[in-house]
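The values are calculated or read from the model by the stated rules, or taken from the named source; none is laboratory data. Here the structure is a predicted model, which is why all the values come from computation and not from measurement. We place every Cβ from the backbone using ideal geometry, glycine too, and count neighbours over all the protein chains shown.
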Amino acid sequence: MVFDLTINSQKRYKKFIKRVIENGVVWGLECEDKWCVCESNEYEDAMVMPFWSDEAYARQCNINDWSIYKPSPIPLDIFMNNWLNGMNEDGLLVGINWNAELIGVEIEPFDLFDELEKLLEEVKLNKRN
């Protein structure tokens, strides 16, 4: 069971990377200028701010305790250059494409930044060639 959750989380992570680069948008859950944050599933005393590649994925998580939140788009460049830096300074992890059970990859903000930046560079190089 845990193995399946890990595989599915990794698939959703890869989909997140692909989709946000294609669409240039990241989705979070917001309520009155406050963004959804919760305890980590993986690390003790760590907090996670979840994000999704598509509005529909974010919407599937705004249930139960999170029903007050609404999916909100964040342009990818602002997410990378402002949000990830701020999250790193605040000691938050990034939750990637969590499912409705709030399970998914949790990653350090700068690790996500590095991966997104690397792939964006590859896209730019491919467009030039």
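Summary table below
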quantity: Members of the range 63-88 that are in contact with a strand residue (DSSP E or B) (Cβ under 8 Å, 6 or more places away or on another chain), surrounded by fewer than 18 Cβ atoms within 10 Å (Cβ to Cβ) and of a type outside the set (A, V, I, L, M); calculated: Trp66, Lys70, Ser72, Pro73, Pro75
quantity: Conditions (1) within 13 Å of the chain's Cα centre (by Cα); (2) in a helix (DSSP H, G or I); (3) in contact (Cβ under 8 Å) with a residue 60 or more places away in the chain; number of the one not met by Leu119; calculated: (1)
quantity: Cross-chain or 6+ apart pairs with Cβ under 9 Å, the range 36-63 first and closer than 22 Å to Gly86 by Cβ and without any contact (Cβ under 8 Å) to a residue 24 or more places away in the chain, then in a loop (DSSP other than H, G, I, E, B) and of a type in the set (A, V, I, L, M); calculated: Glu39/Ala46
quantity: Filter result for Glu22 (in a loop (DSSP other than H, G, I, E, B) and not basic (Lys, Arg)); calculated: no
quantity: Check on Ile78, farther than 17 Å from Cys38 by Cα, at pLDDT 95 or above, assigned to a strand (DSSP E or B) and among the β-branched types (Val, Ile, Thr); calculated: no
quantity: Looking only at the range 27-66, and only at residues there that are under 16 Å from Ile107 (Cβ atoms) and assigned to a loop (DSSP other than H, G, I, E, B), the one that is nearest to the chain's Cα centre (by Cα); calculated: Ser53
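Rundown of residues vs (1) over 16 Å from Tyr13 (Cα atoms); (2) touching a helix residue (DSSP H, G or I) at 6+ places or on another chain (Cβ under 8 Å); (3) among the hydroxyl-bearing types (Ser, Thr, Tyr), yes/no style:
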| residue | (1), (2), (3) |
| --- | --- |
| Arg59 | yes, no, no |
| Tyr69 | yes, no, yes |
| Pro75 | yes, no, no |
| Asn85 | yes, yes, no |
| Asn97 | no, yes, no |
| Asp111 | no, no, no |
| Leu116 | no, yes, no |
